[in-house]
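Here's the structure, in structure tokens; my notes come after.
The values are calculated or read from the model by the stated rules, or taken from the named source; none is laboratory data. Remember, predicted model here, so these are calculated numbers, not experimental data. Note that we place each Cβ from the backbone using ideal geometry, even for glycine, and neighbour counts take in every protein chain shown. Surface areas here come from the heavy atoms of the whole protein model, side chains and all, with no ligands, DNA or RNA. Shrake-Rupley method; radii C 1.70, N 1.55, O 1.52, S 1.80 Å.
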Amino acid sequence: MENNTNSYDEKPTVMVTNDDGIDAPGLRALVRVLVSSNRFRVLVCAPDSEKSAVSHSITWRHPVSVKQVDIDGATAYAVSGTPADCTSLGISGALFPSVPDLVISGINMGSNCGYHIVYSGTVAGAREAFFNDIPAVSVSYEWVGGISSVNDYTLAAEACLPIFSVMLTEIRNKNYPLRGFLNIDLPTNVANHKGYKLTRQGKSIFKMGWREVTSERQGGKMLSTMEMETDSAARTETGTSTEAGGHLLFRREVRGAQVDDADTDKQFLQEGYITVTPLGALSQAEADFHSFFKEWLPSVVQRFSSSAL
């Protein structure tokens, strides 16, 4: 798809989406900062409710519903679909009259580093734009309960504004590469960040488990960070619920510590940097894993036949 870049006497067009929903404070703060900068024409096409951790799922068999939403300074629509649906619709020309110059997905509540990038609906919102040759960036803030506040989203958006502005300059000058997209994570103490750090995707992940519960409300809420609310352990219920209708109920919970390589996105984020990680569409297997199968695959039939004797 050819990007419909505006002429220089017009403001560039930025489209915002997310996975926390169109009413999420991270998205609203981002839109306010973009609008108040008076540098951009701002469009919003975001899910009508929270769609965290849906990855790159799309709506296929059914239509999505769209409703216009009042957001000062922006043209905004809430969509019943996923983040990838929202981006796809927003850049298609079917909803807005022109194709945006840049798609920004976020600001997510919680970081998206390492293997969690695979789960992230926020990252998928940017990846869908990349699939269609539209420059894109996903943005996440390392929310920590009891420390973070909604004002941190505004600080995070302001810290990213130079990146957005220079990206759009490069886009207008036709110098911006379309071979990938960017994933930005901002540290908890964003007001005192250590600067921008170009990083690579690591392997950090929270090990997940399951436990049986007696009610859908038991165990608290899983945040879009893929962590439990800090007070969720105290919110338990006793007795037997009839909500399950005779079925067993199981809820995910976080177990174990994250694992990560050195010199990767999560490490630098924890050190207080704003991490900027170039991403592509594919997850390549590591070289030693790929090389294992070079001799293994041709021998499969022979080895199976021998074992069957």
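Exceedance of the 29 Å cut-off in Cα-Cα distance is limited, within the set K51/K194; K51/K203; K197/K294, to K51/K194; K197/K294.
Projected onto planes of every orientation and averaged, the convex hull of the alpha-carbon atoms in the chain covers 21.7 nm². Of all aspartates and glutamates in the structure, the ones whose alpha carbon falls short of 13 Å from that of K11, not counting any fewer than 8 places away in one chain, are D101. Size descriptor for the stretch 1-121, Kirkwood hydrodynamic radius: 14.6 Å (Cα pairs only, one decimal). For the stretch 11-115, the set of chymotrypsin sites (Phe, Trp or Tyr not before Pro) satisfying both a DSSP loop assignment and a count of at most 10 other C-beta atoms within 10 Å is given as W60.
The GluC sites (Glu not before Pro) of the stretch 164-216 that meet both conditions, a loop assignment by DSSP and at most 15 other Cβ atoms within 10 Å of the site Cβ, are E216. Based solely on its DSSP helices, what 222 nm [θ] is calculated for the chain when runs of n ≥ 4 H residues each add -39,500 (n - 2.57) and the sum is averaged over all residues, nearest 500 deg cm²/dmol? Here the helix-only value at 222 nm equals -8000 deg cm²/dmol. Overall shape: oblate for the stretch 164-209, with the ratio a/c of the largest to smallest alpha carbon gyration tensor axis at 1.5 or above and b/c at least equal to a/b. Percent antiparallel among DSSP beta bridges with both residues in the chain, to the nearest 5? Looking only at bridges with both residues in the chain, the antiparallel portion is about 40 percent.
Per residue, the chain exposes 52 Å² of solvent-accessible protein surface, assessed with a 1.4 angstrom probe and all protein chains in place. On the principal axes of its alpha-carbon atoms, the stretch 48-183 has extents of 41, 38, 35 Å, going from largest to smallest. Find, among the trypsin sites (Lys or Arg not before Pro) in the stretch 106-176, those assigned to loop by DSSP (not H, G, I, E, B) with at most 11 other beta-carbon atoms within 10 angstrom. Listed in order of number, the matching sites are K174.
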